[in-house]
Amino acid sequence: MTGPAAAAAPRLALYLDLIRWDRPAGWLLLLWPTLSALWIAADGFPGWHLLIVFVVGTVIMRSAGCCVNDVADRDFDRHVKRTAQRPVTSGRVSVREALTLGAVLALVAFALVLTTNPPTVWLSLAGLAVTLLYPFAKRVTPMPQVVLGIAFSFGIPMAFAAVLGAQEWTLHAVPDAVPPHAWWLLLGNIFWVLAYDTEYAMVDRDDDQHIGMKTSAITLGRFDVPAVMTFYAMYLFSWAVLGAALGLNGWYQLGIAAAAAQALWHYTLIRGRTREGCFAAFRLNHWLGASVFTGVALDLALR
């Protein structure tokens, strides 16, 4: 390969590294609860249009979030062993490049949302605001994972709005499109995010303490492992109860049971608080979410 194409290849590789293209666990953690909500809202398969919008939109928005997060954390990341070589932190991608890429990706995601309905568009703007807030929450709040939990759960009300929303550009259309149980599902999902992102924070705890970053792992201290398991329990219990109230039974509860078994396995990975064990538990969490979604899809398809 020669000429412009050869010159562009190294930049493309850096951009793909910036958006964590080779680490799909991040967008899968976003995707599974969103798809679960989409199936519940539609009472089954939601149609190809909404499926494509939410799958592609989730991948793109997670990528845009990586760009913003790496710019905001660039001065901290150079002091953390695991993140010191990220493209922005190492200077291989400029702040302007990263923000431009993030903005382009966000615009593409917004274009996808525009193909749905006004309530979903309004919610997407709120979700974007929370996403932009998260990197800075780590400076001021002892549990920034709560903010991340809201951001990573916002696909749930958006999914309900996309299925049930009307074509009215009023803010009153949002509560009409999003039933109360959608918000309860969001609240329950926040506990799952608290569980897996605390595991993630346990990997970098020593470095984060040194640089003054605030994380749930530091705040919880020696109660980190019991707290993670409590978060898992609260997530799975709340979704089990909500699912039963919505008429999801055998297959769904089997999916919840499979997720619970994985949570117990994660305990064996994190109880020693090793970097390797905690990072492995974090990376494997998407299978837990996949189990819950599989239960939702099967229960609705086979009822």
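The values are calculated or read from the model by the stated rules, or taken from the named source; none is laboratory data. Just so we're clear, the structure is a prediction, and the values are computed from it rather than from any experiment. Positions of Cβ are generated from backbone atoms using ideal geometry, with glycine treated the same way; all protein chains shown enter the neighbour counts. Just so you know, the surface numbers come from the protein's heavy atoms only, side chains and all, with ligands and any DNA or RNA stripped out. Shrake-Rupley method; radii C 1.70, N 1.55, O 1.52, S 1.80 Å.
Annotations
- Residues of region 229-280 that are open to solvent by 40 Å² or more (accessible area, probe 1.4 Å), touching a residue at least 24 places away in the same chain (Cβ under 8 Å) and not in a helix (DSSP H, G or I): Leu246, Asn249, Arg271, Arg273.
- Criterion (of a type in the set (A, V, I, L, M, F, W, C), in contact with a helix residue (DSSP H, G or I) (Cβ under 8 Å, 6 or more places away or on another chain) and over 24 Å from Thr115 (Cβ atoms)) met by exactly one of Ala37, Ala13, Ala25: Ala25
- Residue in region 199-222 that is among the β-branched types (Val, Ile, Thr) and in contact with a Cys (Cβ under 9 Å, 6 or more places away or on another chain) present: yes
- Among helices (runs of 4 or more DSSP H) entirely within region 121-187, having at least 2 residues that are acidic (Asp, Glu) and surrounded by 21 or more Cβ atoms within 10 Å (Cβ to Cβ) singles out no element at all.
- For region 162-218, filtered to residues that are among the aromatic types (Phe, Trp, Tyr) and in contact (Cβ under 8 Å) with a residue 60 or more places away in the chain, the residue that is farthest from Trp48 (Cα to Cα) is Tyr200.
For (1) modelled with pLDDT of 95 or more; (2) of a type outside the set (A, V, I, L, M, F, W, C); (3) in contact with a helix residue (DSSP H, G or I) (Cβ under 6 Å, 6 or more places away or on another chain); (4) within 25 Å of Pro180 (Cα to Cα), each residue gets a yes or a no:
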| site | (1), (2), (3), (4) |
| --- | --- |
| Asp204 | no, yes, no, no |
| Gly212 | no, yes, no, no |
| Ala244 | yes, no, no, yes |
| Ala263 | yes, no, yes, no |
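- Given (1) crowded, with 19+ Cβ neighbours inside 10 Å; (2) among the hydroxyl-bearing types (Ser, Thr, Tyr); (3) outside any helix (DSSP H, G or I), number of the condition Thr115 does not satisfy: (1)
- Failed item, numbered, when Val88 is tested on (1) farther than 29 Å from Ala227 by Cβ; (2) assigned to a helix (DSSP H, G or I): (2)
- Taken over region 199-225, the criterion of being of a type in the set (Asp, Glu), assigned to a helix (DSSP H, G or I) and more than 17 Å from Tyr134 (Cα to Cα) is satisfied by Glu199, Asp206, Asp207, Asp224.
- Test for Thr58: is it out of contact with any Leu (no Cβ under 8 Å at 6 or more places or on another chain), open to solvent by 10 Å² or more (accessible area, probe 1.4 Å) and at pLDDT 90 or above: no
- Tallying residues that are open to solvent by 40 Å² or more (accessible area, probe 1.4 Å), among the charged types (D, E, K, R) and part of a helix (DSSP H, G or I) within region 281-303 yields 1.
- In region 67-96, the qualifying residues are those that are basic (Lys, Arg) and in contact (Cβ under 8 Å) with a residue 40 or more places away in the chain, and the one that is most open to solvent (accessible area, probe 1.4 Å) is Lys81.
- In region 26-44 there is no residue that is open to solvent by 30 Å² or more (accessible area, probe 1.4 Å), outside any helix (DSSP H, G or I), over 24 Å from Trp251 (Cα atoms) and at pLDDT below 95.
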